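Below: one structure, written as C-alpha cells.
The values are calculated or read from the model by the stated rules, or taken from the named source; none is laboratory data. Source: prediction; values computed, not measured. We place every Cβ from the backbone using ideal geometry, glycine too, and count neighbours over all the protein chains shown.
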Amino acid sequence: MRKLFVFDTTLRDGEQSLGITLNVDEKLEIARQLVRLKVDVIEAGFPNSSPGDFISVQAIAREVKGVVICGLTRAVKSDIDRCAEALRSAEYPRIHTGIGVSSVHMEKKLGFTPEQVVETAAAAVKHAKKYVADVEFFAEDATRGDRDFLVQVLEQVIKAGATVVNIPDTLGYATPQEYSRLISYVMNHVKNIENVVVSVHCHNDLGMATANSLAGIEAGANQVEVTVNGIGERAGNTSLEEVVMAIHTRRDHYGIRTDINTQEIWPASRLVARTAGVPVPAHKPIVGENAFMHASGIHQDGFLKDRQTYEIIDPSTVGASASKISLTARSGRHALKHMLETLGYRMDREALDKVYHSFLQIADIKKEVMAQDLHSIMQMTV
Ligand code: KIV
Ligand code: ZN
C-alpha cells in the first residue's frame with residue numbers, strides 16, 4: 001500500500017494562531033508526543049522570526065531524533081542561513097523555503113515580476129542545498145495563482161534540488177474538485193515530478209481543509225501537512241486526526257496508509273489543547289468530548305444492541321476512553337435500564353416504567369442525568 005508522509009506543523013503554522021505562544025519546554029513536550037504519534041516530519045518553527053523560535057528549533061533539533069526536523073524560511077538568504085544554524089544538530093534536517101506565486105502575492109506583497117519570483121525561488125533552493133540535502137519548496141497561495149506559472153516555478157525548483165514540493169491552499173479558498181484538479185495538473189505537467197514528494201497544505205477558512213487535503217492525496221500527493229486539533233492561523237490548518245482517521249477508517253476507499261500510532265491521537269490532542277490554551281470544541285471530529293457520546297434514544301438503543309449501528313471508529317483506536325451513553329430527556333428505556341444495571345439495579349418491565357417516568361421528570365429539568373440522580377430516583381421510586 002502507498003505510504004502517505006505526515007508532516008506536522010503544529011509548532012510552526014499551529015503556533016501562528018492568534019494568542020498562542022509556546023515556550024521551549026512546551027514545544028519540546030509536544031515534539032516528544034509527535035514522536036510517539038510517529039509523524040514523519042516535525043516542522044519545529046521559523047528560526048529567523050524571533051530569538052525564541054530559533055532557540056526552540058535548535059533545542060528540538062538537538063534532542064528529538066529518528067524523525068525529520070524542519071524549519072521554515074522565506075526565500076531569503078539570511079532566513080536560510082539562520083534556519084541551517086538552528087538545524088545543525090538535527091539527525092534528519094529539512095529546510096522549508098518558498099515564495100508567493102499568485103499575482104496578488106507577487107505584485108502586492110513582494111513587488112516582484114513573475115521572472116523574479118522564479119529566479120528567487122530557484123536561488124533559495126540552491127542556497128538551502130548548500131546546507132542540507134532535504135529541501136522542501138512551498139508555492140504560497142498556489143490555488144489562487146496561474147497553474148502554468150506554478151508548473152514553471154516547480155520545474156525550476158526541482159532542477160535546483162528541491163526534494164519536496166508543497167502546493168498550499170494558503171487562504172482555504174479552493175474546493176475539493178479544484179484542488180484535486182490542480183494536484184493532478186502538477187502530477188501530469190511538471191517535469192521530473194516523479195522524483196520528488198508532492199505535499200498538500202490546506203487551510204480551513206471555508207471548512208474544507210480536510211476534504212481538500214484528501215482530494216489532493218487521491219490525486220497523487222504523498223505528503224500531507226497538518227496540525228493537532230487543526231490549530232493554526234485564522235480558521236486553522238488541516239487536522240492531523242481527521243485526515244489520519246479518514247484514511248485509516250476508509251482504507252477500502254483511499255488504498256493508502258500512514259505510520260501514525262493512532263492510539264496517541266487523544267493524548268496529543270489534550271496536550272496541545274492544554275499547552276496552547278485552545279480548548280477542543282465538544283463536537284470536533286475524532287477528539288471532541290462528544291465524538292463517542294450517544295445521546296438520543298434511538299441511537300442509544302441501536303448502540304446497545306450492536307455498537308456498529310452508530311459507531312464507525314472504536315474509541316480505543318484513537319486512545320479515547322470508552323464510548324459514553326449520556327442520559328438526557330431524549331434517552332429511552334433501553335439506555336436507562338442499561339445505566340441502572342451498571343449501577344447494580346435490576347428490575348422488571350413494570351418497575352422500569354415507573355422509574356422511567358420519574359427519570360423523565362428529572363431529565364426535563366437537568367441537561368444530563370448523572371449516576372447520583374439515578375440513585376435518588378431509585379430511592380424515591382422503588
Ligand atoms: O499556508 C501557507 O502557505 C504556509 C506556507 C508558509 C507553507 O503556511
Ligand atoms: Zn499554512
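So here's what we get for this one:
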quantity: All positions within region 112-147 that are under 23 Å from Val200 (Cα atoms), of a type outside the set (D, E, K, R), in contact (Cβ under 8 Å) with a residue 40 or more places away in the chain and part of a loop (DSSP other than H, G, I, E, B); calculated: Val132, Gly145
quantity: Scope region 215-266; condition among the β-branched types (Val, Ile, Thr), part of a loop (DSSP other than H, G, I, E, B) and closer than 21 Å to Gln16 by Cα; matching residues; calculated: Ile231, Thr238
quantity: Single residue of region 85-106 satisfying the filter (more than 16 Å from ligand 1 (Cβ to nearest atom) and either modelled with pLDDT under 95 or buried (at least 20 other Cβ atoms within 10 Å of the Cβ) (or both)) that is farthest from Arg62 (Cα to Cα); calculated: Pro93
quantity: Extreme residue, farthest from ligand 1 (Cβ to nearest atom), among residues of region 149-203 that are crowded, with 17+ Cβ neighbours inside 10 Å and hydroxyl-bearing (Ser, Thr, Tyr); calculated: Ser180
quantity: Within region 148-175, tally of residues that are of a type in the set (S, T, N, Q), within 16 Å of ligand 2 (Cβ to nearest atom) and part of a loop (DSSP other than H, G, I, E, B); calculated: 1
quantity: Tally, over region 44-55, of residues that are crowded, with 16+ Cβ neighbours inside 10 Å and more than 16 Å from ligand 1 (Cβ to nearest atom); calculated: 2
quantity: Test: Gly216 is within 16 Å of ligand 2 (Cβ to nearest atom), at pLDDT 95 or above and farther than 21 Å from Gln177 by Cα; calculated: no
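Condition check ((1) more than 16 Å from ligand 1 (Cβ to nearest atom); (2) in a strand (DSSP E or B); (3) at pLDDT below 95) across all residues:
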site	(1), (2), (3)
Leu11	no, no, no
Leu18	no, no, yes
Thr21	yes, no, yes
Glu26	yes, no, no
Glu29	yes, no, no
Arg32	yes, no, no
Arg36	yes, no, no
Val39	yes, no, no
Ile42	no, yes, no
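A quick yes/no check of all residues on (1) surrounded by fewer than 18 Cβ atoms within 10 Å (Cβ to Cβ); (2) under 14 Å from Ile217 (Cα atoms); (3) without any contact (Cβ under 8 Å) to a residue 24 or more places away in the chain; (4) more than 13 Å from the chain's Cα centre (by Cα):
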{"position": "Gly236", "(1), (2), (3), (4)": "no, no, no, no"}
{"position": "Ser239", "(1), (2), (3), (4)": "no, no, no, no"}
{"position": "Thr249", "(1), (2), (3), (4)": "yes, no, no, yes"}
{"position": "Gly255", "(1), (2), (3), (4)": "yes, yes, no, yes"}
{"position": "Asn261", "(1), (2), (3), (4)": "yes, no, no, yes"}
{"position": "Pro267", "(1), (2), (3), (4)": "yes, no, no, yes"}
{"position": "Arg274", "(1), (2), (3), (4)": "yes, no, yes, yes"}
